[in-house]
Amino acid sequence: MKRLFVFVALVLVTTACGSTPTPTEIPTTTTIPATTTIPVPVVVARADLVGTVRDAVTLAGLGGATVRISSGPDSGKTATAAADGYYVLANVQVGTFFVQVSATGRVAVAQSVTLTTGNTTIDFALVRTPPAVEYRLTGTARRCSATYENSTGGTNQSRVDIPFSYSWDGARSGDFLYMSCQIDTAGDQGTLTVAIYKNGVFYRSGMAIGFPNIATASGSY
């Protein structure tokens, strides 16, 4: 019995002393740094708008004309034409925008322009500003004796060749407008038309055929 007890005791002691405890695993947390976004600069393409501003009839350059961008990111940018009408709008953002062109004594224009990289050339032609009042004589008659209201409210009288025109500015509302002309060459069987224009727009007219008839037109501004 003693031997059995001793054997059992030895087994228990050996088991207790020889066992290796299982190590406890400690979880490890890894922190991944956030990605930093670096903004990429936007490159805006720019170019020059160049050209010439001319009279629509004579094609002469209009020095002093103003070329102005009226829409888009460069709205308000202005260039003044040189003596020969040449202008440069430098360093303008490419794209489509409106341009206004004006010059003394001319009708201003507005136009859509598309500017691409590199220089873009756009020419402009401006027509003359119509006078406030214009009298016109046309027809096949050779000449006539004219009477017409002038810019001071007085009356002009003269013998004129046909065609003939007389114009003036500064008319005020209610001003009297009048022109008549008599075919004054014996044997002249031509036609004669007297027409009045207000600000370039036809207003009234009168007609005569052959000597010694009179064509007359009148009204008010």
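Considered as a group, the residues in the stretch 139-157 that are surrounded by 12 or more Cβ atoms within 10 Å (Cβ to Cβ) and among the small types (Gly, Ala, Ser) include one that is nearest to Tyr197 (Cα to Cα), and that residue is Ser151.
In a residue-by-residue description of the stretch 165-179, the property of being under 14 Å from Thr140 (Cβ atoms) and either in the same structural domain as Tyr148 (by TED's automatic domain parsing) or not hydrophobic (A, V, I, L, M, F, W, C) (or both) applies to no position. Scanning the stretch 192-199 finds no residues that are buried (at least 17 other Cβ atoms within 10 Å of the Cβ), outside any strand (DSSP E or B) and more than 38 Å from the chain's Cα centre (by Cα). All conditions but one from (1) in contact with a Leu (Cβ under 7 Å, 6 or more places away or on another chain); (2) assigned to a strand (DSSP E or B) apply to Ala141; the one that does not is (2). Consider Ser218 carefully, then state whether it is part of a strand (DSSP E or B) and either under 28 Å from the mean Cα position of the chain (by Cα) or in contact (Cβ under 8 Å) with a residue 12 or more places away in the chain (or both). For Ser218, the condition - part of a strand (DSSP E or B) and either under 28 Å from the mean Cα position of the chain (by Cα) or in contact (Cβ under 8 Å) with a residue 12 or more places away in the chain (or both) - is met. Is at least one residue of the stretch 97-105 over 12 Å from Phe124 (Cβ atoms) and part of a strand (DSSP E or B)? Within the stretch 97-105 (the criterion being over 12 Å from Phe124 (Cβ atoms) and part of a strand (DSSP E or B)), the answer is yes, since at least one residue qualifies.
Assess whether Thr78 counts as being at pLDDT 95 or above, of a type outside the set (A, V, I, L, M, F, W, C) and crowded, with 16+ Cβ neighbours inside 10 Å. Judged against the criteria, Thr78 is not a match. Scanning the stretch 114-133 for residues that are surrounded by fewer than 19 Cβ atoms within 10 Å (Cβ to Cβ) and in a strand (DSSP E or B) yields Thr114, Thr120, Thr121, Ala125, Arg128. Only one of the numbered conditions (1) without any contact (Cβ under 8 Å) to a residue 40 or more places away in the chain; (2) part of a strand (DSSP E or B) is not met by Gly76, and that is (2).
The values are calculated or read from the model by the stated rules, or taken from the named source; none is laboratory data. It should be emphasised that the depicted structure is a prediction, and the values quoted were computed from it without experimental measurement. Backbone-built Cβ (ideal geometry, glycine too); neighbour counts: all protein chains shown.
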